[in-house]
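A short worksheet on the structure shown next.
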Amino acid sequence: MNRIELEAKLGRDRAKLIELFEGLSQDDLTRDATPSEHDSSLTWNAKDHLAHLAGIEKSFNRMIRRHLDGDKEPLGPRTDADGKPRSRGQIMAAVHESNEDWVSRHRAMSLSEIVAVGQQVRSETLALMAELSDGQLLEKLPGAPWADGTIGGVLAVNGDHGRMHWSWLREGLGASTQA
């Protein structure tokens, strides 16, 4: 995906997502919708999903920056403290724990405050994109399982990720929301 397509996609996807969340009632924004993937006794509401999206985008930005700084494992260590390969289950457990921590730190925020967090993170994404050459957008991010694994592809996933969470949220709220 080239720079122009990437920026257009991110802008369209974010605008649509914000419009969808703005259309939710206060009850739909705050009622339990989906179980946490970290702890199934916990639930996420609509605002939690939106906060999560900002957290993941921030994580992607950090991974890309680590790669650009020469880190050989920009997604994080693939081995445990003993040097043994971490299983996919171990990696995902750590990801889910990190997600839960991010969401819980933002849970008391209003929708407007969460949108502002997302705006701040998106500004970081756009600043990062502006620093990258066209060639760097096409570089592989080592270990990245998202999209085609390129930096541009990973950045583009942010829009797709929002649509995925909106789908889960609609299902969790009983599809009372509009598409």
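The values are calculated or read from the model by the stated rules, or taken from the named source; none is laboratory data. A quick note: this is a predicted structure, and the numbers were derived from the prediction, not measured. Every residue, glycine as well, gets a Cβ built from its backbone with ideal geometry; the counts of neighbours run over all protein chains shown.
Applying the criterion of being among the hydroxyl-bearing types (Ser, Thr, Tyr) and out of contact with any Gly (no Cβ under 8 Å at 6 or more places or on another chain) to the residues of region 157-178, the residue that is modelled with the highest pLDDT is SER167.
In the set GLY149, GLY135, GLY143, only one residue is over 13 Å from LYS58 (Cα atoms) and touching a Lys or Arg at 6+ places or on another chain (Cβ under 6 Å); that residue is GLY149.
Pairing residues of region 101-112 that are farther than 12 Å from ASN45 by Cα with residues that are part of a loop (DSSP other than H, G, I, E, B) and among the charged types (D, E, K, R), at Cβ distances under 8 Å and at least 6 apart in sequence or on separate chains, gives no pairs at all.
ASN158 falls short on exactly one of the conditions (1) in contact with a Lys or Arg (Cβ under 6 Å, 6 or more places away or on another chain); (2) within 25 Å of GLU73 (Cβ to Cβ), and that condition is (1). The set of residues in region 122-133 being within 21 Å of ARG12 (Cα to Cα) and charged (D, E, K, R) consists of ARG122, GLU124.
Filtered by the rule that a residue be at pLDDT 95 or above and farther than 19 Å from GLU7 by Cβ, region 143-156 gives a lone residue, GLY149.
Checked against (1) within 17 Å of LYS9 (Cα to Cα); (2) in contact with an Asp or Glu (Cβ under 6 Å, 6 or more places away or on another chain); (3) at pLDDT below 95, HIS96 passes all but condition (1). If the condition is being closer than 21 Å to ASP48 by Cα and touching a residue at least 24 places away in the same chain (Cβ under 8 Å), then region 121-138 contributes VAL121, ARG122, GLU124, THR125.
The residues of region 10-59 that are within 15 Å of the chain's Cα centre (by Cα) and basic (Lys, Arg), listed by number, are ARG14, LYS47, LYS58. Checking region 56-65 against the condition returns a match, with at least one residue being free of Cβ contacts under 8 Å to residues at least 60 places away in the same chain and within 22 Å of VAL154 (Cα to Cα).
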